[in-house]
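The values are calculated or read from the model by the stated rules, or taken from the named source; none is laboratory data. Here the structure is a predicted model, which is why all the values come from computation and not from measurement. Don't worry about glycine lacking a Cβ; one is built from the backbone with ideal geometry, like all the others, and counts go over all protein chains shown. Heavy atoms of the whole protein, side chains included, go into the accessibility calculation; ligands, DNA and RNA do not. Shrake-Rupley method; radii C 1.70, N 1.55, O 1.52, S 1.80 Å.
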Amino acid sequence: MDAQEFDNYGSGRDVFMENLRGEEICDRLRFFIEECDHVQGFQFIVDDSGGFSPLAADFLESVSDEYANTPVLLYAVRGPSSRMNLSSRKQKIVRDLHDAVSFSRLSSFCKLIVPVGLPFLSKE
C-alpha cells in the first residue's frame, strides 16, 4: 500500500465513508449519549490544518442531523508547524484554499469555533 500525505482537505475527504468508519464513530458517540440524562451540547477538539478537517466535518454533519437542537462548540487546534514556511507560491495558495474550505465547512455545523494554538503567535 502506498503511503500518502494526510495534510490537506482532499486527502481526508472520503475517510469517513470508507469501511463503515463513520458508523463506528457515530456508534461510539451514541453509547455516551445514551448514558446522559439530558444532553446540553457537544464540545469537539479538531486539528483543522490537515486531512482530519473533512473527517471532522462529515462527523459534525451526522451529529447535527441526528441531534438537531443540540449546540456544538468546536475547538480548532493547530500546532506551530501547521504554518511552517512554505517554499512555493503554489503551496501557499493550496494551504490558504484548504483553510478557507475547512473553515467554511466546519463552521456550518457548529454554533461557535474557538481557535486554539494560533500559529502566528508562536515564535519561529
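For the range 59-68, which residues satisfy the criterion of being surrounded by fewer than 20 Cβ atoms within 10 Å (Cβ to Cβ) and either modelled with pLDDT under 90 or aliphatic (A, V, I, L, M) (or both)?
If the condition is that a residue be surrounded by fewer than 20 Cβ atoms within 10 Å (Cβ to Cβ) and either modelled with pLDDT under 90 or aliphatic (A, V, I, L, M) (or both), then Ala68 is the only one that fits.
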Answer residue from the range 34-58, given it is open to solvent by 30 Å² or more (accessible area, probe 1.4 Å) and assigned to a helix (DSSP H, G or I) and is farthest from Cys110 (Cα to Cα) among those: Glu34
Counted residues, the range 5-33 - those being assigned to a helix (DSSP H, G or I) and of a type in the set (S, T, N, Q): 2
Cβ-Cβ under 8 Å pairs, at least 6 apart or on other chains, the range 88-102 side under 9 Å from Ser53 (Cα atoms), far side of a type in the set (Asp, Glu): Ser102/Asp48
